[in-house]
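The values are calculated or read from the model by the stated rules, or taken from the named source; none is laboratory data. These numbers come from a predicted model, not from an experiment. Positions of Cβ are generated from backbone atoms using ideal geometry, with glycine treated the same way; all protein chains shown enter the neighbour counts.
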Amino acid sequence: MANIEEALRSLTSAKQRTILALTGIIIGIGSVIGMVSIGAIVENEALKQFQDMGVDVAVVRREFSDKTAEMKLQDIFELKKHVRDILEVAPFLGSGGEYTLHGKKTYLEQTGVTESFFTLNMIRLREGRLITDLDAYRCFCVIGKAIGDFLRGIGITNLVGNQIILGDRIYTIVGVLDHVPQGGMRPCDINNAVLTHITTAGRFFQYRSIDSFMVRLGGQKTTTEIKTEVKDYFNKRSKGLSVTILTAEELIANMKKQMRLFTLLLGAIGSISLIVGGIGVMNMMLVSVAERRMEIGLRRALGALQRDIQTQFIIESVTLCLVGGVIGILLGVLVSLVFAKLSQWEFLISYGSIALGFGVATAVGIFFGYYPARAAAKLDPIKALRS
Amino acid sequence: MSMLKAVDIYKSYKVGPTEVNVLRGISIEVERGELLAVVGASGSGKSTLVHMLGLLERPTSGDYYVEGEKICYDDDRALSTLRNQKIGFVFQQYYLLPRLTALDNVGLPLVYRGLRISEIKEQAMAFLRKVGMEDRAHHRPNEMSGGQQQRVAIARAIVGKPSVILADEPTGALDTQTGQEIMALIRKLNEEEGITAVVITHDPKIAMHCQRREEIVDGLIVHQDQREVV
């Protein structure tokens, strides 16, 4: 206790030098914490999106290498009958662009879907009704939350029943959706989408070929087996059509791998700052030892053991690093908070990273304080006193 | 049994190729309750002698006993402990730590005995009172005069109830008047508290305060004197 008090006193007595030495540590710890926290926030956000959609979802994509073979809507609907472990299919057709709604321009994604699309993507309705398969070929649409807010913003209060013009067609709004988190397996930003039935879209869109569709997997077979069955099915239906299937599990695994790499990379940058900071601390401690030779000599004369002197200086350098560590942790948390706010993601404090921050600060203090402390302890008391 | 006993102490340093003999066969004994002055000109070896007596310097040859116990110089830990418990230093330059208050400076030797902080503060205060500095307990050294600093340093030397205090030119940095006061304080502590003290000085007037005086010339004790104290 007395040692820590003593260490703090000596640190505050050389404020400027302390602050300079601390800068490196603050930046180092700050970047480690910030980076690890941001990594955790990103990972959490990515996983959250999968968690609310479930991990039994997969996307089947047409391989672009082969331009002639088309994925026909009929074949997609019939897939369920031929592959028993496909519980549901949700084909979609989309085109995004700038549209003028009631005189105001906005970006939206016009997407053609089926009834199953809503259940597969876990989309909840806010008002009105959803598009059902009975809406085939009809100009009904549901709009995403952001589009709804946009229309309200320009003074349209009764959304359901209102009409909007997209291109040269008039669509009647039958429903408004709740907010849907973006990302994961979801094919587009549903909040900014105007959804019609896929057959309607198929008639009016310029680009009508289906590139991918979503499926829900189930049953006892392994994913590999299902994949083979799906591939065989399409190959049989349309000569030369080859598809790839990406399951949510695979996507999560890929993302986690990517996150780990990201976190490692950021950690490495932080470590380099810490080494630089540590050298700063070591330098400060060496200066401190040189300036306090009289004190060291005196303490030895009064009966301090070499170990006492060594402990005193190590405590001092650890205290220095911990002070830098606390500021660095605050800085890192602040950086990740700003990051989370900017990306509108859920902010979370990674307690593991804070513990890591304290651990790293202590380790840096001990490691870089050891040599100066040892040098102080080894001083000849008489020579130290005389200087 | 004597408090300190040095037998035939030699000390030499190598300065470049030449060997300098600083102490050339000194034998000296300090009895319990004694106030001894060692007088010598600068360069006579008196500082080396006091450092040797204070276990800060290892003699080249000769034996040294503290309270009858022969000193083994190979064990740094044991030497530190002996310094802490048996020796109290008073230096010419006071050597108070500038960042600490008078009270904390006095308590320093006790810190290395592992005492509790409250106990250390209590004892340090008691010893500040003995040197008449209790009202300066919370002042830093730079807020005190030289004489006051030396009083605090004396309190620090005696706070651990050592066997002997070694004062190396305790008045060397002070004016005559203050120097006399410091010597009077050491003498008072010797007479009233029975503290054994060795005062190293170049000044015969300072040495006059002591019952016994030894003179050191060129690393040898040359003269013993049993004159009355002035």
Members of the stretch B:117-129 found to be more than 21 Å from residue A:301 (Cα to Cα) and not acidic (Asp, Glu), listed by number
B:118, B:125, B:126, B:129
Out of B:88, B:62, B:40, I need the residue that is of a type outside the set (D, E, K, R), over 28 Å from residue B:171 (Cβ atoms), in contact (Cβ under 8 Å) with a residue 40 or more places away in the chain and more than 8 Å from chain A (Cβ to nearest Cβ). Which one?
B:62
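Give me a count of the residues in the stretch B:109-158 that are touching a residue at least 60 places away in the same chain (Cβ under 8 Å) and within 14 Å of chain A (Cβ to nearest Cβ). Full working, then the answer.
First, the residues of the stretch B:109-158 that are touching a residue at least 60 places away in the same chain (Cβ under 8 Å): B:130, B:150, B:153-154, B:156-158.
Pick out the ones that are also within 14 Å of chain A (Cβ to nearest Cβ) and you get B:153-154, B:156-158.
Summing the residues that are touching a residue at least 60 places away in the same chain (Cβ under 8 Å) and within 14 Å of chain A (Cβ to nearest Cβ) in the stretch B:109-158 gives 5.
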Out of curiosity, is residue A:368 surrounded by fewer than 22 Cβ atoms within 10 Å (Cβ to Cβ) and assigned to a helix (DSSP H, G or I)?
no
Quick one: would you say residue A:314 is in contact with a Phe, Trp or Tyr (Cβ under 8 Å, 6 or more places away or on another chain) and modelled with pLDDT of 90 or more?
yes
What are the residue pairs meeting all of these: first residue in the stretch B:67-78, first residue in a loop (DSSP other than H, G, I, E, B), second residue among the basic types (Lys, Arg), Cβ atoms under 6 Å, and 6 or more apart or on different chains?
B:73/B:58
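Picking from A:82, A:102, which residue would you name as being at positive phi, in contact (Cβ under 8 Å) with a residue 12 or more places away in the chain and in contact with a helix residue (DSSP H, G or I) (Cβ under 9 Å, 6 or more places away or on another chain)?
Numbers: A:82 fails: at positive phi.
One residue alone meets the criteria, A:102.
Would you pick out the residues in the stretch B:148-161 that are modelled with pLDDT of 95 or more and not basic (Lys, Arg)?
Narrowing the stretch B:148-161 to residues modelled with pLDDT of 95 or more: B:148-159.
Correct list: B:148, B:149, B:150, B:152, B:153, B:154, B:155, B:157, B:158, B:159.
Each row is one residue, and each column tells you yes or no for (1) of a type outside the set (A, V, I, L, M); (2) within 14 Å of chain B (Cβ to nearest Cβ).
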| residue | (1), (2) |
| --- | --- |
| A:249 | yes, no |
| A:259 | no, no |
| A:269 | no, no |
| A:288 | yes, yes |
| A:302 | no, yes |
Hits in the stretch B:91-108 (condition: outside any helix (DSSP H, G or I), more than 8 Å from every other protein chain (Cβ to nearest Cβ) and within 19 Å of the chain's Cα centre (by Cα)):
B:92, B:93, B:94, B:96
Scan the stretch B:1-59 for residues that are over 16 Å from the mean Cα position of the chain (by Cα), polar (S, T, N, Q) and within 16 Å of residue B:168 (Cα to Cα) and report the count.
2
So which of A:383, A:341 is within 14 Å of chain B (Cβ to nearest Cβ) and part of a helix (DSSP H, G or I)?
A:383
